[in-house]
Amino acid sequence: MAMPEHLQWQRELILRTFFGFSLLIAGWGTRTTAGVTIGVNYGKLADNLPAPSEVVALLQSISVTKSKLYDADPLVLQTFSNTGISFIVGTHNQDLLALTNPALAASWVQTNIAAHLPATNIIGVVVGNEILSSSDTNMMAQVLPAMQNVYTALKVLNLHRQVFVSTAHSFSVLSFSFPPSSGAFEPTIASLYVKPILDFLDETGAPFLINIYPFFAYKDNPTEVSLDYVLFKTTEGVVDANTGLHYYNMFDAQMDAVYSAISAFGYHNITLLVSETGWPSRGDPDEVGASISNAQTYHANLVKHVESKQGTPLRPDITPEIYLFALFNEDQKPGPTSERNYGLFHPDGSKVYPFSSFSQSSDARTSFGCHSLLAAAISTFCCYWLSLSFIVNLGIFL
């Protein structure tokens, strides 16, 4: 018996929906961290660092398979090809103006991204570092157009699902961070610069990159801020009176303050990626807390916390992806002594303090992608699957 025309149409729609949903899930897999939640920043502001080939061996020796650059150094990217180590690359802040030109952005993507794929696994581009915390309003205005142009260039090459585009922020973009539920962006940048960037991240599925340093909070106010609290050692913690959520470390509190600031703008599906976090092993006399012992404790307890897959009190279902700062002590970094002493390693490859390899499980829940699109696809597929079941129950099999 011939199938009625309306059922033929429904069968076609069901099959098309299933096919489209399958493609979406296949593409989604390229945006998942596959359990690797800890990476390391590979800064190079030094005149005594080992060659990139030696850095490959160094990272492999501590089981790190994710790294982040502050540029797109071709020697590094070529050296790391076929090593199993992925990279987030960056643009120099001074390159933002050029990247507001679509043709120059396309050229940059071709030279610095496409030319290295797929041999080198580049997973993201950071367009500018901590620009919104500067006083340069011209540069602030360049961030989003540069991001959009880089994304468009990636999309033309069909790389936009493989390589995310974002920009990194200092924690100082927040005007309020305690209690975490009161987290809010600085009013001078919130509507003008932050919200349009959030629109872009929500649309493209890219993460919001934040640099989190509990060390700064302790250094600036050691009499009020508990050292145990910033080193993940407290058993008492603090309670957010607005939500009743209990915080046992400042890292989680700062993360949730950022989530709250983003949610205040109506975005609930943007994921955080901690683009920098660390603790200096040495500092100037007024840099309270900068010591080998504290650096070792912070890193060990942070890694243990992240590997526990507990998320944060506000987002317990999301395991944050973090990039430790930094791989090496960099002797040419400007600023106080601490700036040159965040490394896990000395330039000669010896550890600044003992630490274990970063054993990382395969069931992390961190992922980046268009959450609303995925939810819609799931909802649509489920509806049509129910329709299919109804037809089958009627005895009309496709």
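Some notes on this structure:
- Spin-label model, GLU224/TYR353: points 7 Å from Cα along the beta carbon direction are separated by 2.6 nm.
- What the phi angles of segment 71-82 give under the Karplus curve with 6.51, -1.76 and 1.60, with θ = phi - 60°, is a coupling list of 8, 10, 3, x, 5, 5, 5, 5, 5, 8, 5, 6 Hz, glycine and proline written as x.
- Additional length obtainable on full extension of the chain from SER53 to SER172, 0.36 nm per residue less Cα span: 39.3 nm
- For LEU174, residues with placed amide H under 5 Å, excluding near neighbours: GLU186
- Available extension along the chain between LYS195 and ALA115 is 25.5 nm, counting 0.36 nm per residue and deducting the alpha carbon span.
- The phi-based Karplus calculation (6.51 cos²θ - 1.76 cosθ + 1.60; θ = phi - 60°) puts the 3J(HN,Hα) values of segment 320-331 at x, 8, 10, 10, 5, 10, 9, 5, 10, 5, 10, 6 Hz, whole numbers, x for Gly and Pro.
- Solvent accessible area, Å² - ARG161, 1.4 Å probe, full protein context: 130
- Extension gain from ILE292 to ALA103, taking 0.36 nm per residue of separation minus the Cα-Cα distance: 63.3 nm
- Part-to-part distance (alpha-carbon centres) for segment 130-161 and segment 54-81, which is given in Å: 24
The values are calculated or read from the model by the stated rules, or taken from the named source; none is laboratory data. Treat the numbers as computed from the prediction; the structure is a model and nothing was measured. Because the Cβ atoms are built from the backbone with ideal geometry, glycine has one as well, and the counts that use them run over all protein chains shown. Surface accessibility is based on the protein's heavy atoms, side chains included, excluding ligands, DNA and RNA. Shrake-Rupley method; radii C 1.70, N 1.55, O 1.52, S 1.80 Å.
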